[in-house]
Amino acid sequence: MKILIQAINYPPESIGTGKYTGEMAEWLAARGHEVTVITAPPYYPQWKVWPKYSVHTYAREKIRNVRVIRCPLWVPAKPSGLKRIMQLLSFVISAAPVVFWKIVRQRPDMVIVIHPYLFAGLWVQLFSRLSKNKTWLHIQDYEIDAAFELGFFKLTYLRWFATQFESRLLRSFDRASTISARMMERLKMKGVKPENIVFFPNWVDTHTIFPIEGTRAFRIQFGLSTEHFVGLYSGNMGVKQGLDLIINAAKQLKDNKRIVFVLCGDGAMLENLINEAKGLDNIKFIPLQPYKQLNELLNMADVHLLPQREDVADLVMPSKLSGMLASGRPILATASLSTQIADTVKNAGLVVPPGDVGAFVEALLVMESSAEKRNEWGKRAREIAVQEWDKEQILLKFEQNLLDCI
């Protein structure tokens, strides 16, 4: 197959949707498919274009047999609702002529749109009519719903208009896929025919991320010992994550000398979180770690922390959850019991209501007090990763769905 992918995030970004888009593209290329990706220069989660990349010029490169075209992008230093829209539009506008040329000139068999789907999807559908290729929309999170639920935009009539436009756009694709059962239900609510909906979850390479013992040397570099009980959050530090809950939990446990909270990553809320945590000795902020050290990082945790704001619980499925499960460590999540996150985590740890700091602290103390229960939850977490989140099996099924669509 000739496959064209448009997505704003792509490696070398190592967290979030870019990681999965890159792994998918490289896997398809290794299977003999001709894959081209139209993307932007890496900027996430720091919200700053990485060194050696340009915000102003187009660039080409080849990464593991995938042709990558990077288009100019405006990146706001402090993203807000309006600035995020302008950023996405800057990418869609600069990418539009490249998308047009690739579709009309090279005539791919399949065009896949990932993010930002609301803006990019319209161009792709218009251009695809000229070549009669198939189109596939993959949703990692619901952009419109999340933007309004998080309070970036509040005008009722604007939400109605955006929702109507989104529904029409979603229905125009040959296939629409997403990453959880609850998110698939939302596709149906938005008018997509059930026969056009595909379950395409995120995955984990269970041969790369796996349980290990003896992370003492890794802990030492961050001032931690084997006596510390580490609650680890690793990933993007944005609005959706609700990480202020961890800061408040650390405040309640400031006199507990054993429990230490480690927040690893970067993002729009990092500076705010550091300011909130001033004066606390039981919380550490560390930068994103190289991918080759990811397994050691995840295994450093005695428990993985997965806070999530209630208003976006079923609009997203945290990509970091797959690595947490594969590491064989228990998980403490905040989620309503009716959500997909709760359904996944309930057998691999504990789930408490979103925003309830007291319940979060109580659950953490329960987990800290019982190594036996942690081992049980950790073993179940690993089983879930191997049985339900295995990379090879998920991508094989996705490839077959692409072929069936064509």
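The values are calculated or read from the model by the stated rules, or taken from the named source; none is laboratory data. What you are looking at is a predicted structure, and each value in this text was computed from that prediction instead of being measured. Counting neighbours? That spans all protein chains shown, and the Cβs are built from the backbone with ideal geometry, glycine included.
Being part of a loop (DSSP other than H, G, I, E, B) and modelled with pLDDT of 95 or more is the filter here; which residues of the stretch 308-329 pass it?
Start the filter on the stretch 308-329 by keeping residues that are part of a loop (DSSP other than H, G, I, E, B), which leaves 308-309, 313-315, 317-319, 327-329.
Ser327, Gly328, Arg329 - these are the residues of the stretch 308-329 that are part of a loop (DSSP other than H, G, I, E, B) and modelled with pLDDT of 95 or more.
Being within 22 Å of Asn401 (Cα to Cα) and at pLDDT below 85 is the filter here; which residues of the stretch 74-119 pass it?
His115, Tyr117
Out of Leu263, Leu332, which single residue is outside the structural domain of Ser180 (by TED's automatic domain parsing), out of contact with any Asp or Glu (no Cβ under 6 Å at 6 or more places or on another chain), touching a residue at least 40 places away in the same chain (Cβ under 8 Å) and not in a loop (DSSP other than H, G, I, E, B)?
Numbers: Leu263 fails: touching a residue at least 40 places away in the same chain (Cβ under 8 Å).
Of Leu263, Leu332, the one residue that is outside the structural domain of Ser180 (by TED's automatic domain parsing), out of contact with any Asp or Glu (no Cβ under 6 Å at 6 or more places or on another chain), touching a residue at least 40 places away in the same chain (Cβ under 8 Å) and not in a loop (DSSP other than H, G, I, E, B) is Leu332.
What residue, among those in the stretch 1-32 that are free of Cβ contacts under 8 Å to residues at least 60 places away in the same chain and over 19 Å from the mean Cα position of the chain (by Cα), is surrounded by the most Cβ atoms within 10 Å (Cβ to Cβ)?
Ala29
Modelled with pLDDT of 95 or more and basic (Lys, Arg): is that true of Lys284 in this structure? Even if it seems obvious, please write down each step before you answer.
Values: modelled with pLDDT of 95 or more: yes; basic (Lys, Arg): yes.
Answer is yes for this residue.
Do any residues in the stretch 128-146 that are assigned by TED's automatic domain parsing to the domain that holds Asn9 have Cβ atoms under 6 Å from those of residues that are hydroxyl-bearing (Ser, Thr, Tyr) and in a strand (DSSP E or B), where the two are at least six apart or on different chains, and which pairs are they?
Here the result reads Ser128/Thr135; His138/Ser177; Ile139/Thr178, each pair linking the stretch 128-146 to a residue that is hydroxyl-bearing (Ser, Thr, Tyr) and in a strand (DSSP E or B).
Within the stretch 253-270, track down each residue that is touching a helix residue (DSSP H, G or I) at 6+ places or on another chain (Cβ under 8 Å) and closer than 15 Å to Met300 by Cα.
Residues satisfying the conditions are Arg258, Ile259, Phe261, Leu263, Cys264.
For the stretch 273-306, name all the residues that are free of Cβ contacts under 8 Å to residues at least 60 places away in the same chain, in contact with a helix residue (DSSP H, G or I) (Cβ under 8 Å, 6 or more places away or on another chain) and either outside any strand (DSSP E or B) or on the phi > 0 side of the Ramachandran plot (or both).
Leu273, Glu276, Ala277, Leu280, Asn282, Gln289
For the stretch 1-49, what are the residues that are in a loop (DSSP other than H, G, I, E, B), touching a strand residue (DSSP E or B) at 6+ places or on another chain (Cβ under 6 Å) and among the polar types (S, T, N, Q)?
Gln46
Would you check if Ala326 is free of Cβ contacts under 8 Å to residues at least 40 places away in the same chain and in the same structural domain as Cys264 (by TED's automatic domain parsing)? Break it down into steps so the answer makes sense when it comes.
Numbers: free of Cβ contacts under 8 Å to residues at least 40 places away in the same chain: no; in the same structural domain as Cys264 (by TED's automatic domain parsing): yes.
No, not satisfied.
Okay, residues lined up against (1) farther than 24 Å from Leu365 by Cα; (2) in the same structural domain as Val49 (by TED's automatic domain parsing); (3) not aliphatic (A, V, I, L, M):
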| position | (1), (2), (3) |
| --- | --- |
| Lys240 | yes, no, yes |
| Leu243 | no, no, no |
| Ile246 | no, no, no |
| Gly267 | yes, no, yes |
| Arg309 | no, no, yes |
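Can you find a residue in the stretch 352-370 that is surrounded by fewer than 24 Cβ atoms within 10 Å (Cβ to Cβ), under 24 Å from Ile139 (Cβ atoms) and not assigned by TED's automatic domain parsing to the domain that holds Ile394?
Scanning the stretch 352-370 turns up at least one residue that is surrounded by fewer than 24 Cβ atoms within 10 Å (Cβ to Cβ), under 24 Å from Ile139 (Cβ atoms) and not assigned by TED's automatic domain parsing to the domain that holds Ile394.
Run Gly238 past the list (1) small (Gly, Ala, Ser); (2) assigned to a loop (DSSP other than H, G, I, E, B); (3) on the phi > 0 side of the Ramachandran plot and report the number of the one that doesn't hold.
(3)
With respect to Thr57, is the statement that it is surrounded by 14 or more Cβ atoms within 10 Å (Cβ to Cβ) and in the same structural domain as Lys132 (by TED's automatic domain parsing) true? I'd like the intermediate steps shown before the answer.
Numbers: surrounded by 14 or more Cβ atoms within 10 Å (Cβ to Cβ): no; in the same structural domain as Lys132 (by TED's automatic domain parsing): yes.
So Thr57 does not fit the description; no.
Take the stretch 72-97 and flag every residue that is touching a residue at least 60 places away in the same chain (Cβ under 8 Å), under 17 Å from Ser54 (Cα atoms) and out of contact with any Pro (no Cβ under 8 Å at 6 or more places or on another chain).
Ala95
What's the number of the only condition in (1) in a helix (DSSP H, G or I); (2) without any contact (Cβ under 8 Å) to a residue 24 or more places away in the chain that Val351 fails to meet?
(1)
Which of (1) in contact with a strand residue (DSSP E or B) (Cβ under 6 Å, 6 or more places away or on another chain); (2) of a type in the set (Phe, Trp, Tyr); (3) closer than 18 Å to Phe200 by Cα is the odd one out, the single condition Phe398 does not satisfy?
Exception for Phe398: condition (1).
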